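Reviewing the structure listed below.
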Amino acid sequence: MIDWKKVDTVLLDMDGTLLDLNFDNHFWKEFVPLKFAEKQGLSIQAAKLQLEPRFKSMEGKLEWYCLDYWSDVLELDIAGLKAEISGLISVLPHVTEFLGKVRRSPKKVYLVTNAHRDSLGLKMEKTCLQPFFDGIISSHDLGFPKEHAEFWRLLQQQIPFEKQTALLIDDSLTVLDSARQFGIAHLISVSKPDTRQPKKQITAYPAIEDFRELMEGL
C-alpha cells in the first residue's frame with residue numbers, strides 16, 4: 001500500500017485515526033444532548049433536534065472543533081464534560097505498535113489534529129501517546145482547520161517537509177482532499193475509525209482498517 005522508502009515525514013490525524021472515534025461520536029451525539037436537555041428542561045429528542053443543525057452548520061470550520069465556542073453557545077462546560085467520560089477514550093488497535101516502529105525509524109512523525117488544545121491535552125494524558133511524536137500541531141494554533149488550504153501552507157512553515165515525501169493518514173476524506181490539493185503525495189484513509197460502527201467503503205483513497213496493513217517494509 002505504501003513504499004516506505006519514498007516517505008520521510010509521517011503526518012497523523014488523531015481522532016478516528018489513532019484514537020477510537022466512538023468517544024467523540026458518543027460525546028457529541030449522546031452526552032452533550034443529554035446535558036443540554038437537562039439544562040434547558042427539554043427531552044433528549046428535542047435537544048437533539050435543536051443541536052444537530054447547529055452542529056451541521058459548523059462542520060469543516062474551526063469553530064466546530066473549538067471547545068470554547070461550544071461552551072459559550074451551549075452554556076455548558078464542554079471540556080469538563082469531556083473529562084467526565086474520559087474513560088471512553090481509547091487507542092485504536094495496533095496503533096501503539098505502529099507508532100513504535102515509526103519512532104525507531106529515521107522518519108519524522110507529527111500529530112496533526114483539528115482537536116482543541118484542551119481536548120488534545122486530555123487525550124494525550126489518557127493515552128500516553130505524546131512521546132511517539134516529533135511534534136504535535138493543532139489547527140487552533142494555526143488559525144485554520146485542516147479542511148482549509150491555508151492550514152497546510154502554515155504547517156509547512158512550522159515543520160518544514162517535502163510534499164513529495166510526506167504521508168498523511170486521516171479518516172476525513174475532506175481533509176485528504178485538501179491535502180491532495182496542496183500537493184501532499186501520499187494519502188491514506190481509515191475505514192474503521194469507530195470500532196462500534198461498520199467498516200466504511202472508501203474508494204477515493206487507499207484505506208486501512210488497522211495499522212498492521214502499513215507495517216510491512218517500515
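So is Val32 surrounded by 13 or more Cβ atoms within 10 Å (Cβ to Cβ), in contact with a strand residue (DSSP E or B) (Cβ under 6 Å, 6 or more places away or on another chain) and either at pLDDT 95 or above or assigned to a helix (DSSP H, G or I) (or both) or not?
no
Identify the residue in region 109-161 that is among the β-branched types (Val, Ile, Thr) and touching a Phe, Trp or Tyr at 6+ places or on another chain (Cβ under 8 Å) and, among all such residues, is modelled with the lowest pLDDT.
This residue is Ile159.
Only one of (1) more than 30 Å from Pro160 (Cβ to Cβ); (2) surrounded by fewer than 19 Cβ atoms within 10 Å (Cβ to Cβ) is not met by Phe27, so which one is it?
(2)
Conditions tested, residue by residue: (1) more than 20 Å from Phe98 (Cα to Cα); (2) not small (Gly, Ala, Ser).
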| site | (1), (2) |
| --- | --- |
| Ala179 | yes, no |
| Gly183 | yes, no |
| Ser191 | no, no |
| Lys200 | yes, yes |
| Ala207 | no, no |
| Glu213 | no, yes |
| Glu216 | no, yes |
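Condition test on His186, is it more than 17 Å from His94 (Cβ to Cβ) and at pLDDT 95 or above?
In short, yes.
If we scan region 191-198, do we find a residue that is surrounded by 15 or more Cβ atoms within 10 Å (Cβ to Cβ), touching a residue at least 40 places away in the same chain (Cβ under 8 Å) and touching a Phe, Trp or Tyr at 6+ places or on another chain (Cβ under 8 Å)?
no
Might you let me know whether region 136-150 holds any residue that is touching a residue at least 12 places away in the same chain (Cβ under 8 Å), on the phi > 0 side of the Ramachandran plot and not assigned by TED's automatic domain parsing to the domain that holds Phe55?
Yes, region 136-150 has at least one match.
Output the helices (runs of 4 or more DSSP H) that fall wholly within region 37-85 and possess 1 or more residues being closer than 24 Å to Glu150 by Cα and out of contact with any Cys (no Cβ under 6 Å at 6 or more places or on another chain), or say none.
44-58, 67-74
In region 169-218, what residues are of a type in the set (Phe, Trp, Tyr) and either within 21 Å of Lys108 (Cα to Cα) or not assigned by TED's automatic domain parsing to the domain that holds Gly16 (or both)?
Phe182, Phe211, listed by residue number.
Among the residues of region 131-146, is any surrounded by fewer than 17 Cβ atoms within 10 Å (Cβ to Cβ) and in contact with a Ser or Thr (Cβ under 8 Å, 6 or more places away or on another chain)?
The answer is no; no qualifying residue exists.
What's the total number of residues in region 59-74 that are surrounded by fewer than 16 Cβ atoms within 10 Å (Cβ to Cβ) and free of Cβ contacts under 8 Å to residues at least 40 places away in the same chain?
Residues meeting the conditions: 4.
So is Lys101 more than 30 Å from Lys5 (Cβ to Cβ), touching a Leu at 6+ places or on another chain (Cβ under 8 Å) and either hydrophobic (A, V, I, L, M, F, W, C) or part of a helix (DSSP H, G or I) (or both) or not?
Judged against the criteria, Lys101 is not a match.
Could you grab me the full set of residues in region 145-156 that are over 15 Å from Leu67 (Cα atoms), touching a Leu at 6+ places or on another chain (Cβ under 7 Å) and of a type outside the set (A, V, I, L, M)?
Phe151
Might you let me know whether region 75-83 holds any residue that is crowded, with 17+ Cβ neighbours inside 10 Å, under 19 Å from Leu168 (Cβ atoms) and in contact with an Asp or Glu (Cβ under 8 Å, 6 or more places away or on another chain)?
No: zero hits.
Determine if region 156-177 includes at least one residue that is under 21 Å from Asp3 (Cα atoms) and polar (S, T, N, Q).
yes
The values are calculated or read from the model by the stated rules, or taken from the named source; none is laboratory data. The shown structure was predicted, so the numbers you read here are calculated from the model rather than taken from an experiment. We place every Cβ from the backbone using ideal geometry, glycine too, and count neighbours over all the protein chains shown.
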